[in-house]
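Coordinate-derived values only; no laboratory data. This is a predicted model, so every value here is computed, not measured. Heads up, the Cβs are rebuilt from the backbone with ideal geometry, glycines too, and the neighbour counts pull from every protein chain shown.
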Amino acid sequence: MDRAEFNRCVELYSDAVYRFIIKHTADEADAADIVQESFVRLWEKAETVNFKKAKSYLFSTAYHAMIDYFRKKKRFTGNFDFNDDRSSLHPASPEKVSAFDLKAILNEALDRLPEIQKSVILLRDYEGYSYEEIGEITNLNESQVKVYIYRGRIALKNFIKHPDLVL
């Protein structure tokens with residue numbers, strides 16, 4: 001990969017990688033640092049990374065940098081409770097749910113997922129990656145990816161509980 005291809009990668013993928021990371025960290029500065037670290041690593045490996053594989057490489061690198069971030073910050077515990085009181089998130093009447101309320105509910109539900117489930121759901125549903133590509137990014141096989149997505153979606157469904165809220 002040459003300099004022009006690297007710059008093209010920055011143009012094409014920086015926003016998508018940032019969106020993926022910010023959903024996990026919820027801190028703009030930390031997300032920007034992780035994205036920058038991912039592009040630094042891409043530049044360091046530019047001679048060995050094919051331009052056509054750069055997107056997958058960036059997401060994979062960002063994912064691993066994010067895991068390192070959580071380990072350093074000691075935020076990654078993997079303990080999530082879907083049975084706590086969420087009444088403040090649900091409006092009294094489903095007809096009065098605004099797009100903002102729905103986004104808040106979905107973000108709250110996503111934040112309660114274990115990191116691996118959150119990652120695969122974001123990669124699949126927000127970024128549009130195939131199961132195979134998600135497996136490459138997360139170092140999982142395709143069936144594991146499908147299981148994590150299924151379990152994550154079930155957890156999201158149980159969190160929301162009111163199908164009318166999603167419509």
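Count Lys and Arg as plus one, Asp and Glu as minus one, and take only other residues whose Cβ is under 10 Å from that of A31; the net charge is then -2. Whole-Hz Karplus values for segment 131-148 come out as 4, 5, 5, 5, x, 5, 5, 9, 6, 10, 7, 4, 5, 5, 4, 4, 5, 5 Hz, taken residue by residue from phi with 6.51 cos²θ - 1.76 cosθ + 1.60 and θ = phi - 60°; glycine and proline positions read x. Across segment 150-159, rounded Karplus estimates of 3J(HN,Hα) from the backbone phi angles (6.51 cos²θ - 1.76 cosθ + 1.60, θ = phi - 60°) give 4, 5, x, 5, 4, 4, 5, 4, 5, 5 Hz, Gly and Pro being marked x. In a fully extended conformation the segment linking K53 and R71 would gain 3.8 nm over its present Cα-Cα distance, using 0.36 nm per residue.
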